[in-house]
Amino acid sequence: MVAAPAASASGWDLPWSGHQQGRAVPFTEASVTAGADGSYTVEWKARGVRKVEIRAGGKVVARGGAEGRAVVTGLPAADRQWFDLTPDRAHGLHLADRLVKLEGAVNFRDAGGYRTATGQWVKTGEVYRSDALDKLTPADLAKLRRLHVRTVFDLRTESERTKGADQVPAGAAYHVADVFAGSSALQVLPKTPEEAVQFMRDAEKAMVAGAGGKTAYTEVFEGVQQDHDRAVVFHCTAGKDRTGWASATLLTALGVPWETVMADHLASNGLAADAGAATPPDGPRPSGGAGVAVGWWVNRRSRRGGTRRSGPPCSSPRRSAAP
């Protein structure tokens, strides 16, 4: 789901920078969902308005009241199809489907587009979260360049980067922000389910509280705040755990309700399931904490006859650890 503000609404000037100058808009809910048939479903709810006009490409494609749903068809192909929701009073929204479809990545999503507790909307089109970028095609790279991707933060370990180096759009700055740099949590692989549980716990602590994690996430957050030529992309291997923690922290800092933050985090599971048939045997493992880690370890052990691991385990964000 996506809902982005007009230029005057809340942006990625983070609260701790002292420059957040957003104003509330009347929409309490708004989303755009792309259909497999090329259609787009636009849904919205707004307070204190009587009419809402929907535009795409500068043309009116739908009209409705304070609450509505419109299915729009026949639009020309676009990297992202944007919609302007304009109420008869107050400020409107600039929306697009959150998922950016790429040939070489399945979890490339807009990190913005959520309503905050104060009624502002986090901008879309400026910060993206993703899974690995090593399989991006020339067409993907051209699309990301047209989407003005200027900065890429790679949260993966050295071994992951060596195995699959990022494909970065021409002209974009590439930064390594290894969350597990210097961590000892991943040095010894587990041999029993009990060791797997402890392995996950140690990795979770290292990701959230370790020196490498703190340094990496600080670099990402400062990059988002300071990069005025964005869009910015941060990613790991599956785009779920290390990437999910970065996104959850940013959205929480911007005042997005925790339930929304968690829904955004868990959306990766659905995307991974949809792409499951294309996931290689040594692809990213599912996230979900120590219980899932043990099941994953047992399944891989029975299937492989050993305890192979495709990438460092991480945790889902937890309420007590959110900023």
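The values are calculated or read from the model by the stated rules, or taken from the named source; none is laboratory data. Every value quoted in this text rests on a predicted model; they were computed, and no experiment measured them. Because the Cβ atoms are built from the backbone with ideal geometry, glycine has one as well, and the counts that use them run over all protein chains shown. Ligands, DNA and RNA are stripped out before the accessible areas are found, and what is left, the full protein with its side chains, is counted by its heavy atoms. Shrake-Rupley method; radii C 1.70, N 1.55, O 1.52, S 1.80 Å.
Structure values in brief
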| read-out | value |
| --- | --- |
| Meets criteria (open to solvent by less than 10 Å² (accessible area, probe 1.4 Å) and within 30 Å of Tyr40 (Cβ to Cβ)) for Leu144 | yes |
| Residues located in the stretch 93-116, provided they are hydrophobic (A, V, I, L, M, F, W, C) and open to solvent by 30 Å² or more (accessible area, probe 1.4 Å) | Leu99, Val106 |
| Selected residue (criterion: nearest to Asp166 (Cα to Cα)) from residues of the stretch 222-270 that are of a type in the set (Phe, Trp, Tyr) and crowded, with 18+ Cβ neighbours inside 10 Å | Phe234 |
| Count of residues meeting criterion [part of a loop (DSSP other than H, G, I, E, B), more than 16 Å from Ala216 (Cα to Cα) and in contact with a Pro (Cβ under 7 Å, 6 or more places away or on another chain)] in the stretch 132-165 | 1 |
| Pick from the stretch 41-62, criterion without any contact (Cβ under 8 Å) to a residue 12 or more places away in the chain and part of a strand (DSSP E or B), ranking: most open to solvent (accessible area, probe 1.4 Å) | Lys59 |
| Yes/no for Val168 being at pLDDT 95 or above, open to solvent by less than 50 Å² (accessible area, probe 1.4 Å), assigned to a loop (DSSP other than H, G, I, E, B) and closer than 25 Å to Val232 by Cβ | yes |
| So Ser247, is it at pLDDT 95 or above and of a type outside the set (A, V, I, L, M, F, W, C) | yes |
| Out of Gly68, Gly38, Gly74, Gly119, sole residue that is open to solvent by less than 30 Å² (accessible area, probe 1.4 Å), part of a loop (DSSP other than H, G, I, E, B) and small (Gly, Ala, Ser) | Gly119 |
| Some residue of the stretch 207-221 being assigned to a loop (DSSP other than H, G, I, E, B), open to solvent by less than 30 Å² (accessible area, probe 1.4 Å) and of a type in the set (A, V, I, L, M) | no |
| Matching residues, the stretch 230-250, being small (Gly, Ala, Ser) and part of a helix (DSSP H, G or I) | Gly244, Ala246, Ser247, Ala248 |
| Val188 vs. criteria more than 29 Å from Gly104 (Cα to Cα) and out of contact with any Leu (no Cβ under 8 Å at 6 or more places or on another chain) | yes |
| Output for the stretch 220-237, where each listed residue is farther than 20 Å from Ala203 by Cα and not hydrophobic (A, V, I, L, M, F, W, C) | Glu222, Gly223, Gln225, Gln226, Asp227, His228, Asp229, Arg230 |
| Filter result for the condition that a residue is within 27 Å of Ala263 (Cβ to Cβ), more than 15 Å from the chain's Cα centre (by Cα) and at pLDDT 95 or above, over Arg109, Arg145, Arg69 | Arg69 |
| Among (1) in contact with a Leu (Cβ under 7 Å, 6 or more places away or on another chain); (2) farther than 23 Å from Arg230 by Cα; (3) acidic (Asp, Glu) - the single one Asp79 does not satisfy | (2) |
| Any chance Ser130 is surrounded by 15 or more Cβ atoms within 10 Å (Cβ to Cβ), of a type in the set (S, T, N, Q) and free of Cβ contacts under 8 Å to residues at least 60 places away in the same chain | no |
